[in-house]
Every structure is written in C-alpha cells, then in structure tokens.
Amino acid sequence: MRDIANVDLDSDDSGSILESGLCCEWENKDGSGMQTELGEENEEVMSEFYRRNSEPPTDEPVQEQFDFEYPAPRTEGLDHPSMPDATWFTNFLVSFSYTVKFFFARLRHILQLYGWEKCKGNVESEKYKNFVPLFSGPDPLFIRNIYRQGSDVCNRPVASVPGTLMTVRDRFTPDYGWTFEYKGTESRVLNMGSYNYLGFAQNRGPCAEAARRAIDQHGVSACTPSFNFRHNKVHKQLDALIAEYLGVEAAMCFPMGYGTNAMNIPAIVGKGSLILSDQLNHASLVTGCRLSGALVKVFKHNDVNDLERKLIQAIAEGDRTTGRPYKKILIVMEGIYSMEGTISPLPQVVALKKKYKAYLFLDEAHSIGALGETGKGCSEYFGCDPTDIDVMMGTLTKSFAAAGGYLAGTKKLIDAIRTRSHDIHYGTWMAAPVAAQVLSSMHIIMNKDGAGEGKLRIRQLLRNTRYFRRSLAQRGFLLYGHEDSPVVPLMTFFCTRTLIFCRETLRRNLAVVGVCYPATPLTKCRARFCISAAHTKEQLDWVC
Ligand code: PLP
C-alpha cells in the first residue's frame, strides 16, 4: 500500500488507512506528481488493490485486562480548546477556491438561463411562472453547483445495522453527482460516522429481543397522538426510568429528537422572554427558539464571559420593545457539540444562571450515555447537581441506538409541557419497540441486571476516545474538541480536501463523515469521526 502511495508523511511504516486516505493530495516523494493524477485504469486497479488489502478488522471483542478507571468529576470545569488554525495562505486559498466556485456557478446559471448550457436540475417552468420561485436564488445555486459535486460523500446508502462494521451499497456517479448508479455490490466498512456511542446499534442481543417482544405485544405504531389514547405501559415505564436515571423528579419522552427541541421550547418560553443561545447550537434548538416568539440573542460558542455580558445587558436594559424586564431568561446550550467535539462549561454556566436568576436548557443529545462514570451526561462529568439544570433534554438516537428524545426536570415543568406541547397533541406517539429498545439499553447502562456491562461500555468509550485522539494527534493531524469527547473532528480546512478524504477513506473501507461550509465556517471544513465503545483496539489501530 505504501509502495504505491510513496508519500512522505513523517511517520512510521505501519500503513494506516488514514495516511493512505490523505495521500491523494500529497505530492510524491520523488516529485512525480499528485496521486490524483493516476489514469482511470490505474484508479480501478488501485481501487481493487485497496479493497483486497484493507479489510477492516472484525468486531469480535478482544478479551483485555480492564485496568482503566473512570476519572473523577471535573468540578473545576474545562478550558475551551482553541480551534486549530491554518496559515493565512491556506485561509486565502480556501476563500479563493469558493470565490472561483461561486463565479462559475453564477456563470453556468446565466448560460443555462439563455439555454446555452443544459441544466440537469429542476428549473422554474413557464407554466408556474406566477408562483413563488422554487429553484432560483442562492440555495439552489449552491446545491446544483457546489453541493452536487460532493454529493457522493453524503447520503451514503447503508444496507445493515450501523454497528462498528456496516455494509454500504457501492454506487458511482457517471455525471458528477447529478445521478447515481448502483453497481449491485456491497462493501463492508468500518463505521466511524454513526453516533453509536455505547455500541447498542445491534440486531441481536437483549435490546433487539426486547424490541421484538414489544412488536409482538403492541405492534409497530401507536397510530395516534398520546393526547387521544394515553401512552401504554412501555412509555410510562420509560418516562419513570429516564427520571430515575437522571436523578430528577419527572421526565417525558417524545418520538423525535429534533421535534423534542423544535416543538417544546415554545412550550417553555414565549413572547416577552429572552433566549440566550450558544452560537453553534443545533438546528433543532434554533428552530425551537425561533418558533417560541421570544427574543433570541446569540452568545459566542462556550464563552462564559460573553454570556455574562449578555445576561447583565438583558437585566439592565430589559425588553426594549415594552420597556419591561424580561419575563424569563433562558440559556440554551448543548452538552457536547456534534460538529466541534467541544464540551460545554457547565459549572460556570450553572453559577451564572444562579447569579442572574436565569433558567438553563441543556441539550445532552451527544453527552447522555457518553459522559460521566455512569453515563448521566454533563452534570455527572462535572459533578454538578442535576436539579440545577432546569430543563434537561436528550435524544435516544445516539447512546441508546433507538429514536426520539426526552425532556426532564421538575414535575411542575413536565406537567406544564404535557399540557402545552404541540408534539403531544398533534404528533403520533413513540413506537413501542423503540421505547422497548431504550428501556432495555437504559437498564443495562443503569446496571439493573447486575452484570456491570453498562459501566464497562462507558469506560471503554472513554478509553477508545482518548486512545484514538492521542493516536491521531501523534501522527500530526489537527483535531478539535475536548479530549473526552467521542466526537473527533479532524481539520481538513479545504472543502475539496474533505471530499477527497471521505472518498479515499471509503475506498479503503473506512466510513467517516465530511463536514463543510455552510455547516462549518468557510475555512474550517473537517472530517468527523465518532467513537464507539464497540470499536476494538485493532480497529482503531487499523485506522491510525
Ligand atoms: N440535538 C442535537 C444537539 C443534535 O445533535 C441532534 C441530532 O443529531 C438533535 C438534537 C436531533 O436529534 P434526532 O436526530 O434524534 O432527531
């Protein structure tokens, strides 16, 4: 493998997948050009070569001596890591490449308008010319000309459980992303893109069995909102178990994580209130904040000083439109940020919210199950009292490998949400097998069966995370986020490099996710790895 790549990567000769994945953009040692310049035939030979030589190691767990102890809570908080910066020249090149792309996108658009170039995408039709335009404007321009060129890296067709090893269907695009054709073959790849933090994404074992039993008893769908027919036993058990797990009075689950935020923030705050929202909050939180009707102000990502400034300003000035103090001030932030891998500074934020009598909404989508000795998320990781978090939110799609979300807090809060939530009144209830999967995985995490497996998984996740981050850092890759975050962004800066990185790693049977503008700032594109407790050391070594 290294013979062909012949790259100078300043490292030992272990032939890791990542190195060979990146080499397509590196110049050969003898200066004989870039590897991307291989002829089409050679490309095919290489592709076959890698397929045969880079089978990911199996996911058979290796029996190891488990001597890794979970660290004590970080009561003092964490320093915010600085974003790895590229040189000004790289930043210039990245911006320049986007300028060129947009210039040609615009040019092609004009050519297409005059019929000099055929547009394969959707265009406004003469028949509907008096209707609101659907395919004009900057968004379709971006999608047709920029996103399309990298669309093979997105929406990858998966044909198996998203465990550590998964099957993807092979496809290719004969026309630069306008269409895809399936080859009829499949590849077994090492999955480092799914949020399967605790390794519960399985179609065998106790969780899958519980889900099967729930189908036998309750069927697949609730077929009605819970407002019409109150939820059944499984849902009641789940609400109670979530509250018990988190150490709060009450909890309530919802069928969709996105909807939990989008539909329920409006049930908590409204007109006359202020929301202070972290700059990098997830789209579901942004939607919820906007729908609420409250005034939304944004503070810099994880910046407690900026948050305090905004709190002081809000209290001093009040609501300028009415001249009255705000009814409520709600701070909205996440536990672990899914594109950055950063952990929020919970102890400092809790101190601020107490000092200024504000409320805190914490979205633990990526931290529940993944942080803290028993997986209780940020509050356990930092040794905070969970009741200091006014609204605890989490999703059941990640560590619990199911679907849906939950809200937890005081009984008064949950009762209020129960009566006001649009999700409950107008949306169909969580499917019983999904609830059963969560119940079962949560039982394991809480060690209700006495087998101690939950704690082992959580420790293994932290151990894998630290090991993987250190291995990549030792090899000189620029990473972002905190050491204990299982979301590991590897900075590639260029959008094109990110796409090539994702293509080349997939060709070597490694699936990662590429994140580019507009999901990141223009010059901060990255590839993102998600670590799982189910990854074996051999698999992590194979990557690094
Ligand atoms: N909140 C955060 C922070 C997320 O990252 C996500 C999704 O990844 C969601 C909410 C939505 O969750 P779901 O995918 O379960 O709908």
If each of LYS271 and THR173 carries a label point 7 Å out from its Cα toward its Cβ, how far apart are those two points in nm?
4.6 nm
What's the carbon and sulfur percent of the range 305-378's accessible surface, probe 1.4 angstrom, rounded to a whole number?
52 percent
Simple SL model, points at 7 angstrom along Cα→Cβ for ALA240 and GLU209; separation in nm is 2.3 nm
Neighbour net charge for GLY405 - beta-carbon separation under 14 angstrom, K R +1, D E -1
-4
From the residues ALA86, ALA159, TRP116, which one has its Cα farthest along the dipole of the chain in the positive direction, the dipole being from +1 and -1 charges on Cβ of Lys/Arg and Asp/Glu about the Cα centre?
TRP116
Need one value: the accessible area of PHE493 in square angstrom, 1.4 angstrom probe, rounded to the nearest 10.
10 Å²
With every protein chain in place, the accessible area of LEU295 for a 1.4 Å probe, in Å² rounded to the nearest 10, comes to 80 Å²
Relative contact order of the range 362-506, pairs being alpha-carbon contacts under 8 Å that are 6 or more residues apart, as %
17 percent
Accessible area per residue of the range 273-404 at 1.4 Å probe, in Å²?
36 Å²
Ignoring ligands, DNA and RNA, how do GLU117, GLU209, GLU504 rank by accessible area with a 1.4 Å probe, largest first?
GLU209, GLU117, GLU504
Points 7 angstrom from Cα along the Cβ direction at LYS183 and LYS327: gap in nanometres?
5.9 nm
Looking at the P(r) of the chain, how many percent of alpha-carbon pairs lie beyond 34 Å?
45 percent
Quick one: what are the phi-derived ³J(HN,Hα) couplings along the range 396-410, Karplus 6.51/-1.76/1.60 with θ = phi - 60°, whole Hz, x for glycine and proline?
9, 7, 9, 5, 9, 6, 10, 8, x, x, 9, 10, 9, x, 6
To the nearest 20 debye, what is the magnitude of the charge dipole of the range 412-504 about its Cα centre, counting +1 on the Cβ of each Lys and Arg and -1 on the Cβ of each Asp and Glu?
300 debye
Roughly speaking, what is the stretch gain from ARG74 to SER151, that is 0.36 nm per residue apart minus the C-alpha to C-alpha distance, in nm to one decimal?
23.6 nm
Around GLY193, which amide H atoms from residues at least 5 apart in sequence, or from another chain, sit under 5 Å from its own amide H, with H modelled in the peptide plane?
CYS530
Please give the charge dipole size of the range 350-391, origin at the Cα centre, charges +1 on K and R Cβ atoms and -1 on D and E Cβ atoms. Round to the nearest 20 debye.
280 debye
Expressed as a whole-number percentage, the relative contact order of the range 110-238 with C-alpha contacts under 8 angstrom and at least six residues apart is 15 percent
Relative contact order, percent, the range 182-335 [alpha-carbon distance under 8 Å, six or more residues apart]
18 percent
For the chain, the longest principal axis of the Cα atoms and the Cα long axis of helix 346-355 enclose an angle in degrees, to the nearest 10, of 40 degrees
Work out how much length TYR426 to TRP116 would gain on full extension: take 0.36 nm times their residue separation and subtract the Cα-Cα distance, in nm to one decimal.
106.7 nm
Cα centre as origin, Lys/Arg/Asp/Glu Cβ charges: the chain dipole, Debye:
2380 debye
What order do you get for 297-305, 108-116 when each peptide is scored by the mean count of other beta carbon atoms within 10 Å, highest first?
297-305, 108-116
Could you work out how far the C-alpha centroid of the range 298-372 sits from that of the range 124-170, in angstrom?
34 Å
Relative to the chain, whose Cα atoms define the longest principal axis, helix 233-246 and its Cα axis are tilted in degrees, nearest 10, by 90 degrees
Treating only the Cα positions of the range 461-509 as identical point scatterers, give the base-10 log of I(q)/I(0) from the Debye formula at each q in 0.14, 0.24, 0.28 Å⁻¹.
-0.40, -0.96, -1.05
Checked against a 21 Å limit on the C-alpha separation, the offending pairs among LYS271/LYS300; LYS236/LYS353; LYS236/LYS448; LYS328/LYS353 are LYS271/LYS300; LYS236/LYS353
So how much slack lies between PHE96 and ALA316, counting 0.36 nm per residue of separation and subtracting their Cα-Cα distance, in nm?
74.8 nm
In deg cm²/dmol and to the nearest 500, what is the mean residue ellipticity at 222 nm of the chain if only DSSP H runs of at least 4 residues count, each as -39500 (n - 2.57), divided by the residue total?
-11500 deg cm²/dmol
Only bridges with both residues in the chain count here: give the DSSP antiparallel percent, nearest 5.
65 percent
Using a Förster distance of 25 Å, how high is the FRET efficiency between THR87 and PHE142, based on the Cβ-Cβ distance and rounded to 0.05?
0.40
Measuring from the longest principal axis of the C-alpha atoms of the chain, the long axis of helix 257-268 (C-alpha) lies at a number of degrees, nearest 10, equal to 40 degrees
Of LYS297/LYS398; LYS455/LYS537; LYS310/LYS354; LYS354/LYS455, which sit over 23 Å apart, Cα to Cα?
LYS297/LYS398; LYS354/LYS455
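The values are calculated or read from the model by the stated rules, or taken from the named source; none is laboratory data. Only a predicted model underlies this, so the values are computations on that prediction, with no experimental measurement involved. So basically every Cβ, Gly included, is an ideal-geometry build from the backbone, and we count neighbours across all protein chains shown. These accessible areas exclude ligands, DNA and RNA; they are computed on the full protein's heavy atoms, side chains included. Shrake-Rupley method; radii C 1.70, N 1.55, O 1.52, S 1.80 Å.
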